[in-house]
Structures are given as C-alpha cells and as structure tokens.
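Read-outs: derived from the displayed coordinates by stated rules, not from any lab. These numbers come from a predicted model, not from an experiment. As a convention, Cβ positions derive from the backbone with ideal geometry for all residues, glycine included, and neighbour counts pool all protein chains shown.
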Amino acid sequence: MKTDARSMNASILLAGAILFGCAGQPPGTIGLDNGRLAPCSGKPNCVISQGGDSQHHIDPIAYEGDKIGAMETVKQVVQEMAGTRIVTQTDRYLHVEFRSKIMGFIDDVEFFFPDTAIIHMRSASRVGYFDFGVNRKRLEQIRQRFQERLPKDDKA
C-alpha cells in the first residue's frame, strides 16, 4: 500500500513538472527593436505582420481613428478571450500571454501601434515546433473581433 501511495505521489509530481514545463520561459526577443517586432524563427509556430515569408506572414490590422482607441479595443478583445494575461503595455506596444487550458502552453502575442493607422502583430509558441495553425487562427480571431467593434458606416 505504501509503495502504491509513493508511486502515485511521484506520478503526480512528474505530471505537475511536465505541465509546468510546458509554459517555457519568455524568449529574449519579446518587445520592439527600432520599431520592429522580432522576426519569426524557422519554426512553423509563429506568424508576423512585419515581413516574414509566406508561411509566417499575416496582414496587419488597419483601422481608422486614434491609436489610443485602437489599443483599448485590442485590450478589450484579448481580455475577453480565455487564458490571457497582459504582460507589458506602453503607449505603442502590447505583450499578451495566451495559456492553453489543458497543457498550459504559453504563446506570446505582441501588438505594435506605430503612428500610422495599422496594428502590427506577432504570435509565437514558446515551446514545440508545430502549433497546428493556432497562432494564425488566434490573430485572425482578434482581427475579426476588433473589426466587429469598429463604428459602422450609417450610409448603407
């Protein structure tokens, strides 16, 4: 009986270590460097709107209006999504962590608000190689929810 309890406790500790390890450490490339988000590595678990090859590129979000309002809208959208935590916010940059519900994987999502009316985005998994399109789908979902909140043209 005691061996079974020890074995079970060891299994629980091992499972916890595995799940905790899925989070990974934040990469040193988070943030802006001369007005640019870090490029994606060669792994297919990242998308970016500033450059990138066809596998990694995603279009930025275009908007009309002021940058502060756009940033507030992005913040509202991501805060309504499951597993989010805003890590860093400046007057032109937002870093958000998205944690998966089951395994606890963390994806780093960044938004850059330059002085033009666009929002550059980057989303990358911290660990693993493939993401099965999760990062791209997430940014497209954020784009859609952002655009749904924009004022509608009354001329139609």
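Sorting 39-48, 127-136 by their mean Cβ neighbour count within 10 Å, with the most densely packed peptide first, gives 39-48, 127-136.
Within the shell defined by Cβ-Cβ distances under 9 Å, the residues around Asp115 carry a net charge of +2, with Lys and Arg each +1 and Asp and Glu each -1.
With r defined as the distance between the Cβ atoms of Glu72 and Tyr129 and R0 fixed at 30 Å, what FRET efficiency is calculated, to the nearest 0.05?
0.30
Qualifying GluC sites (Glu not before Pro) in the range 49-156, where qualification requires a DSSP coil assignment and no more than 11 other C-beta atoms within 10 Å, comprise Glu64, Glu80. If a paramagnetic tag sat 7 Å from the Cα of Arg149 along the Cα-Cβ line, which residues of the range 75-90 would have the backbone N under 16 Å from that point? Residues 75-87, 89-90 qualify, since their backbone N sits under 16 Å from the label point.
Proximity of backbone amide H atoms, modeled 1.01 Å from N, is registered between Val87 and His95, Val96, Glu97 at under 5 Å, excluding neighbours fewer than 5 places apart on the same chain.
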